[in-house]
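The values are calculated or read from the model by the stated rules, or taken from the named source; none is laboratory data. All figures in this text were calculated on a predicted structure; none of them were measured in a lab. Backbone-built Cβ (ideal geometry, glycine too); neighbour counts: all protein chains shown.
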């Protein structure tokens with residue numbers, strides 16, 4: 001039913017009530033020793049319509065972002081010139097390290113040390129694309145892969161927003177952003193296992209969908225395939241360049257390559273997609289390992305550090321920037337930091353919000 005229109009003229013009874021209310025208000029404020037607030041014409045502002053919310057002044061934005069009463073919203077205040085990295089830290093035993101502070105990290109861009117301006121270690125919700133191979137060779141594998149994808153979502157932050165792309169020769173957005181498991185399950189079960197493997201096209205299309213439509217700053221692609229790309233119009237190099245745009249997604253890939261005719265090339269491609277974006281590529285020997293891998297990925301995503309810095313070379317200069325992040329801390333031995341290997345500088349919006 002359409003909402004009630006409150007913009008028309010007030011009826012007579014309403015005017016009487018408004019006059020009485022105004023009189024009471026004036027008496028109350030007079031007793032307090034101060035007059036009611038007025039607008040520039042001397043008349044009391046019209047309260048028959050709700051005012052439009054106003055954007056805070058730039059100087060107030062950071063304070064507003066840090067208020068504890070943010071109604072469950074985790075806000076990244078990121079200046080337009082700031083670069084934000086999401087990093088996982090691993091010790092020599094391949095365990096995730098979660099207790100480091102800002103002083104443990106160093107960031108180098110294009111060989112130049114950078115000053116860290118912001119630092120968080122929070123379970124930040126992500127915008128995630130589940131990108132699943134739907135080619136003919138996947139027919140017998142999809143049930144276990146689908147279950148693993150759903151368990152990834154179950155193990156992830158409940159405020160994540162997830163979409164599903166099934167691909168063979170072409171890619172299909174079978175479910176747009178949601179955290180509804182039933183909708184995601186329905187999309188994953190749209191199996192039409194046939195045709196070739198246009199992996200790079202699907203990755204590029206999914207990254208573009210994240211860039212254009214995601215509400216959350218942190219972005220991930222979860223990719224599962226069992227073969228080498230043999231149908232894309234995009235090349236591996238073009239796919240990597242697209243992923244390495246500033247604020248591009250991290251790729252977590254599972255390669256089911258046991259029966260693949262050219263496993264080395266397929267394996268190398270997935271490793272490049274993952275490593276250059278700060279993700280990981282897994283190559284299980286059996287399908288039974290896929291579910292546990294999906295839970296490992298969820299744990300990795302939920303235990304990352306967010307590191308922000310303003311590059312010493314302005315982003316407006318453009319070009320690709322190689323980035324190296326290291327970490328050292330007493331009692332931890334050798335630490336390895338996994339994050340994107342670099343990015344193509346470009347403009348972004350000044351502030352980004354993530355649902356907590």
Would you be able to tell me the number of residues in segment 287-343 that are without any contact (Cβ under 8 Å) to a residue 24 or more places away in the chain and in a loop (DSSP other than H, G, I, E, B)? 2
Go through (1) surrounded by fewer than 19 Cβ atoms within 10 Å (Cβ to Cβ); (2) closer than 19 Å to residue 346 by Cα; (3) free of Cβ contacts under 8 Å to residues at least 40 places away in the same chain; (4) in contact with a helix residue (DSSP H, G or I) (Cβ under 9 Å, 6 or more places away or on another chain) one by one and return the number of the condition residue 204 breaks. (1)
Exactly one condition in (1) at pLDDT 95 or above; (2) in contact with a strand residue (DSSP E or B) (Cβ under 7 Å, 6 or more places away or on another chain) is false for residue 142; which is it? (2)
Have a look at 85, 117, 100 and point out the one that is out of contact with any helix residue (DSSP H, G or I) (no Cβ under 8 Å at 6 or more places or on another chain), assigned to a loop (DSSP other than H, G, I, E, B), at pLDDT 95 or above and surrounded by 14 or more Cβ atoms within 10 Å (Cβ to Cβ). 100
Restricting attention to segment 199-217, which residues are part of a loop (DSSP other than H, G, I, E, B) and out of contact with any strand residue (DSSP E or B) (no Cβ under 6 Å at 6 or more places or on another chain)? 215
Quick check on segment 170-198: of everything there that is assigned to a loop (DSSP other than H, G, I, E, B), in contact (Cβ under 8 Å) with a residue 40 or more places away in the chain and touching a helix residue (DSSP H, G or I) at 6+ places or on another chain (Cβ under 9 Å), which residue is nearest to residue 240 (Cα to Cα)? 197
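Would you tally the residues in segment 267-286 being assigned to a helix (DSSP H, G or I) and over 20 Å from the mean Cα position of the chain (by Cα)? Working first, answer last.
Start the filter on segment 267-286 by keeping residues that are assigned to a helix (DSSP H, G or I), which leaves 267-275.
In the following step, the residues that additionally are over 20 Å from the mean Cα position of the chain (by Cα) were identified as 267-272.
Count: 6.
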Which of the numbered conditions does residue 221 fail, given that it passes all the others? Conditions: (1) crowded, with 21+ Cβ neighbours inside 10 Å; (2) in a loop (DSSP other than H, G, I, E, B); (3) modelled with pLDDT of 95 or more. (2)
Only residues that are part of a loop (DSSP other than H, G, I, E, B) and surrounded by fewer than 12 Cβ atoms within 10 Å (Cβ to Cβ): list them for segment 103-114, please. 111
